[in-house]
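Participant: This structure is in structure tokens; I'll ask about it shortly.
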Amino acid sequence: MKWILKSLNWRERNIRLQVFLSSAGVASRRAAEGIIAQGRVSVNGEKITAQGYKVQEGDIVLLDGSPVKPENRLLYIALNKPAGYICSSNDPQGRPLALDLLAQAGRRLYNVGRLDFMSCGLIFFTNDGSFAARLGHPGSGFEKEYIVEATGIVPDTVVEAFNSGITIEGVFYKAKTAEKTGRKTIRIVLVEGKNREIRRVFSHFHLHASVLRRVRIGNVLLGNLTEGRSRPLSKKELTDLGCIQ
């Protein structure tokens, strides 16, 4: 099995500490900023809390007292997450982690975006902070396609609300496209997905989603990937996602 390989580029004189941490697979750049602010990182024996601090090749970076080194092998993995798994590196409630379904779980990997606990389907895991930040940004422009099965009949007003837009408790929700595929099923394509968007709109219309499955992110299809199994993203998929040239 081939993985896309990439090393940290030290051509520039130095790089920001949060970029270094994300390149080491510690966390996304945004999460790395929080880690720095918490005073958990030191460089050459000095605790760093200021954002924008820059490190150079050869600097000794510690996180919670343990050495941090850039990942020389970057992983890009597609997982078919089952319902009942949480997208997080840990869970105080002890719920099953989607991360534990990966054969590479021993490595530092984190999910790109989220699927809530009871949702299922396609989600990416990586140790490339730049990739995670780009795809996870609300303005990335990548489509995300879902197939939703409701416990009751889906009225046309729900489809109309997704297509024309609806404001619920001060938050505006709008799909790129939505269409009924059956009496109780609907296909929804989102671009700027908000937290629990589909479930919130369903709840507004007194509907419950018995199955909420993501089947596509950008050009990457869930396809026939078995639930609970994972696969590496192909070179073509990564190129189309703008990860490699």
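Participant: Can you tell me how the range 193-245 classifies by the Cα gyration tensor, rounded, prolate or oblate, using a/c under 1.5 as the rounded cut?
Facilitator: Judged from the Cα gyration tensor, the range 193-245 comes out oblate (a/c at least 1.5, b/c at or above a/b).
Participant: Tell me the label-point distance for the pair Arg30, Thr49, using the 7 Å Cα-to-Cβ offset, in nm and rounded to one decimal.
Facilitator: Taking the two extended label points, one gets 2.4 nm.
Participant: R0 = 35 Å: FRET efficiency of Ser66 with Thr157, Cβ-based, nearest 0.05?
Facilitator: Computed FRET efficiency for Ser66 and Thr157: 0.05.
Participant: Based on the alpha-carbon gyration tensor of the range 144-217 and its eigenvalue square roots a ≥ b ≥ c, which shape applies: rounded if a/c is under 1.5, prolate if not and a/b is larger than b/c, or oblate?
Facilitator: Judged from the Cα gyration tensor, the range 144-217 comes out rounded (a/c under 1.5).
Participant: Could you list Arg183, Arg216 so that the one with the fewest beta carbons within 10 Å of its beta carbon is first and the one with the most is last?
Facilitator: Ascending number of Cβ neighbours within 10 Å: Arg183, Arg216.
Participant: Now a separate question. With Kirkwood radius over Cα pairs in Å defined as stated, name the option among [x] 18.9; [y] 17.9; [z] 19.5 computed from the structure displayed.
Facilitator: Working out Kirkwood radius over Cα pairs in Å from the coordinates points to [z].
Participant: When ranked by the protection proxy of mean other Cβ atoms within 10 Å per residue, highest first, what sequence do the peptides 157-167, 74-84 form?
Facilitator: Taking the mean over residues of other Cβ atoms within 10 Å, the ranking is 74-84, 157-167.
Participant: If you take the square roots of the eigenvalues of the alpha-carbon gyration tensor of the range 49-138 and sort them as a ≥ b ≥ c, do you get rounded (a/c under 1.5), prolate (a/b over b/c) or oblate?
Facilitator: Since a/c reaches 1.5 and a/b is larger than b/c, the shape of the range 49-138 is classed as prolate.
Participant: Fewest first, what order do Lys69, Lys180 take by the number of other Cβ atoms within 10 Å?
Facilitator: Least crowded to most crowded, the residues run Lys69, Lys180.
Participant: Output the pairs from Lys81/Lys180; Lys47/Lys235; Lys54/Lys81; Lys69/Lys174; Lys180/Lys235 with a Cα-Cα distance over 30 Å in this structure; if there are none, say none.
Facilitator: Check vs 30 Å cut-off fails for Lys47/Lys235; Lys54/Lys81; Lys69/Lys174; Lys180/Lys235.
Participant: Here's a follow-up. Roughly what would the spin-label model give for Thr226 and Met118, points 7 Å off Cα along C-beta, in nm?
Facilitator: Spacing of the two 7 Å Cα→Cβ label points: 2.7 nm.
Participant: So how do Tyr146, Tyr53 line up by other beta-carbon neighbours within 10 Å, fewest first?
Facilitator: Fewest-to-most ranking of Tyr146, Tyr53: Tyr53, Tyr146.
Participant: Hey, what number do you get for the chain at 222 nm if only DSSP H runs of n ≥ 4 count, each worth -39500 (n - 2.57), divided across all residues, to the nearest 500?
Facilitator: -5000 deg cm²/dmol
A short reminder: the numbers here are calculations on the coordinates, not readings from a lab. Source: prediction; values computed, not measured. Here the Cβ is made from the backbone with ideal geometry for all residues, glycine too, and neighbour counts use every protein chain on show.
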